[in-house]
Amino acid sequence: MEDDVYDLCIVGAGMIGSAVAKYASEWGRVCLVGPEEPKERDVNCKRDIFGCHYDEGRIARCLAHDPIWTQLARISMSRYRQIESDSGIDFYDEVGSLVAGGTDTKYMIDNERVSEEQQLESEILSNETLKTKFPLLNFSDVDHGLYEVKAGHISARNLVSAQIKLAKSKGCTYINEIVEKVTQMEEDANNKMIVITELGKQVVCRKVLLATGAFTAFRNLLPVDLELEVGLCPLTTAMIEVTTDDFTNMRKYPAVIYFGKGADNWKKDYPRSKEGDYSWYMLPPIKYPDEKYYIKLGHLQHATTKRFTNSGEVKEWYCSGGDKKLVNDTVDLFKTVVRGVKPISCHGDSCVITTTPTKRPYLDTIHPQLGVAVGGNAYAAKSSDEIGRIAAVMMMKNKWDSSLEKTDFRFKMKEKRSN
């Protein structure tokens, strides 16, 4: 029956998928399918689908090396307070953002150029000002900073919860299951799509959008012999527990991204870019669900060449807590970067980011009934609301509704590999 057919089924209930569901539900009958966060990550359990939004601290900033990411972030961040108000769920802490490093690094030069071109509200901090303004951070004598006041960090968990709550309020159906297969059917010359979950539930719809990140190739979601050209990049973070006093002293410190040679006394054995630069990010202390305060510090994707190619590798990584040696090295780096803070405990965490050759997300249609919104490149969390809106309009209204060029978001395919 036609009443049982959805206008759009979104596969993947993370940051992008939940945003798509919220917007698309304004224009038709929508279904969102994707599993909730597991209570624990166990390599011996059957489940092998996870998500990057199992976190309380993701940097939210407009500053970027690429003006496209700046525009996506600026538009998304301008809606944060409204999303919080509409949903009743808080997720954004505006503590500022600091990009720091040597004056001669390409990363700093690109960020400064984009800041000027996009007329961002940011301030260049001299080495002296950098050290005076943030006395607990041990920068080198040649570092300077680019400080953005209207920035900070978001709880990815709470953002997803807020978006799903708003989508449901607009009539969206949410199915807490993993999708096994997406296929096309013919019925009276009218093509429809069928989304089949692992438990055998079937969702009939006119269109499907895949917002499935690193797991897109690990189920039968795309047409046979087609696979998106993406890289699956593993990242390790150290979760460093601090005292209540340290939380009080540092909670209003900005989120930091560093790219440069570092101070002379920094931990030497730490992943570097191919130019030999340190490249890391750090969140100020944040309260996590276990009621403890953690500072998160992790390396950027520039510092690793490792890529995964199958679901077993990705599952094992999500359940591993990251590279144990790298976690210890990261804690040692932390002790040389941050002054006067003694960790109570530490543990590792891990995620997999989806990279694309274009370094932009794929927002495109494979065919008129199947679209993709994948490839966050480690920049999409803060920008997910606008990415979701563009994708929703693309699928529901068959048009490109953005000042950004559609050609910058076209997908690239490769031959499907056998896992």
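Odds and ends about this structure:
- Where residue 132 falls short, out of the listed (1) part of a strand (DSSP E or B); (2) without any contact (Cβ under 8 Å) to a residue 24 or more places away in the chain; (3) open to solvent by 50 Å² or more (accessible area, probe 1.4 Å): (1)
- Scanning segment 211-250 for residues that are over 25 Å from residue 350 (Cβ atoms) and of a type in the set (D, E, K, R) gives 225, 245.
- Pairs with Cβ under 6 Å, 6+ apart, first in segment 354-369 and open to solvent by 30 Å² or more (accessible area, probe 1.4 Å), second modelled with pLDDT of 95 or more and among the aliphatic types (A, V, I, L, M): 360/68
- Of all the listed residues (276, 262), the sole one being touching a residue at least 60 places away in the same chain (Cβ under 8 Å), assigned to a loop (DSSP other than H, G, I, E, B), at positive phi and not aliphatic (A, V, I, L, M) is 262.
- Among the residues of segment 3-15, some residue qualifies, meaning at least one is of a type outside the set (D, E, K, R) and farther than 19 Å from residue 374 by Cα.
- Screening segment 181-227 for residues that are acidic (Asp, Glu) and under 25 Å from residue 412 (Cβ atoms) and picking the one that is most open to solvent (accessible area, probe 1.4 Å) gives 225.
- Qualifying residue in segment 380-392 (condition: crowded, with 22+ Cβ neighbours inside 10 Å, over 21 Å from the mean Cα position of the chain (by Cα) and touching a residue at least 12 places away in the same chain (Cβ under 8 Å)): no
- The residues in segment 177-217 that are of a type outside the set (Gly, Ala, Ser), outside any strand (DSSP E or B) and touching a residue at least 24 places away in the same chain (Cβ under 8 Å) can be counted, and the count is 8.
- Output for segment 105-129, where each listed residue is open to solvent by 100 Å² or more (accessible area, probe 1.4 Å) and of a type in the set (D, E, K, R): 106, 116, 117, 121, 128
- Cβ pairs under 6 Å, 6+ apart, first in segment 227-255 and closer than 18 Å to residue 333 by Cβ, second among the β-branched types (Val, Ile, Thr) and open to solvent by 50 Å² or more (accessible area, probe 1.4 Å): 241/344
The values are calculated or read from the model by the stated rules, or taken from the named source; none is laboratory data. The structure presented is a predicted model; accordingly, all values stated were derived computationally and were not measured. Positions of Cβ are generated from backbone atoms using ideal geometry, with glycine treated the same way; all protein chains shown enter the neighbour counts. Ligands, DNA and RNA are excluded from the accessible area calculation, which covers all protein heavy atoms including side chains. Shrake-Rupley method; radii C 1.70, N 1.55, O 1.52, S 1.80 Å.
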